[in-house]
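Asks: Below: one structure in structure tokens.
The values are calculated or read from the model by the stated rules, or taken from the named source; none is laboratory data. Treat the numbers as computed from the prediction; the structure is a model and nothing was measured. Counting neighbours? That spans all protein chains shown, and the Cβs are built from the backbone with ideal geometry, glycine included. To get the accessible areas, we keep the full protein, side chains included, count just its heavy atoms, and leave off ligands, DNA and RNA. Shrake-Rupley method; radii C 1.70, N 1.55, O 1.52, S 1.80 Å.
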Amino acid sequence: MPVIAITRCSALGDYEASIRQAGGEPRVIDVTIDPAEVVRTAGGLLLTGGGDVQPDLYGAATHPAFSAAEAGRDACELALVRRALDADLPIFAICRGIQVLNVACGGTLVQDIPTERPSATPHRLAMPPHDARAWAHVIQVEPHSLLSALLGDRRTDAAAREVNSRHHQAVDALGDGLRMSAVAPDGIIEGVEDQGRRFCLGVQWHPENFHRTGEFQPLFDAFVRASRRP
Ligand code: MN
């Protein structure tokens, strides 16, 4: 059973449940973890949701809406991603995670969607996260992407599907090696991936909230499958 390192955050339960359901063994890691040890002992790295990445880490001045993550998370998670990329360790990056992944690859972020992209669709929902009514907006999934293959969308009206959404930041300029794999109707990037790697996928929404109903379980299944060691 592959060990999946999960970065500690305030709402771990759904991430752990999704990994277990996919046949992985969750191991929650703290900001004091040695990234080299993670690469040595875990099969995959799951980056979770949380506060904002310090803007100076991607060369930007701090926006008034900046809301810091827990102390130490930026440095720890950026180091983890770089180590994992070097070792081609599978990475699944969710919400804040997609933003950390993008910054680690040299990309930038939209710091505050409501003020920097005022015409954007609302990306923050008020409903309980796993309530079916909590779908907040649709995404367009890029054809021929890993994401498209995993979601297996059989609809004929292109590849639109609904996702839950609670973020005020987003990927802006893409980091090295990353391509966009999903986008909201307002142009906000909702998915990235690096197809040159074993498994490197980031999503801006919260697939882990749906482990009870399984809408996005194929993402966790494929991640854990890729994280098996020979
Ligand atoms: Mn969104």
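Asks: For the chain, what are Rg and Dmax over the alpha carbons, in angstrom?
Replies: Rg then Dmax for the chain, in Å: 16.2, 49.
Asks: Testing the spin-label approximation: label points 7 Å from Cα along Cα→Cβ at M1 and D176. State their distance in nm.
Replies: Going by the 7 Å Cα→Cβ label model, 3.8 nm.
Asks: Spelling out what I want: for every residue of the range 140-151, take phi, set θ = phi - 60°, compute 6.51 cos²θ - 1.76 cosθ + 1.60 (Karplus), and round to whole Hz; glycine and proline get x.
Replies: Ordered by residue, 3J(HN,Hα) equals 9, 8, 5, x, 6, 9, 4, 4, 4, 4, 6, 6 Hz.
Asks: Follow-up question, since we're still on this one. Considering amide H positions built from the backbone, and no H for Pro or chain starts, which residues 5 or more places from E25, or on another chain, come under 5 Å of its amide H?
Replies: Answer set, sorted by chain and number: V3, I4.
Asks: To continue, here is another question. For the chain, with all protein chains present and a 1.4 Å probe, just round the carbon and sulfur fraction of the accessible area to a whole percent.
Replies: After summing per-atom areas, the C and S share lands at 51 percent.
Asks: If you plug each phi of the range 108-114 into the Karplus form 6.51 cos²θ - 1.76 cosθ + 1.60 with θ = phi - 60°, what whole-Hz ³J(HN,Hα) values come out, in order, with x for Gly and Pro?
Replies: Computed from phi, the couplings for the range 108-114 are 10, 10, 6, 7, 7, 4, x Hz.
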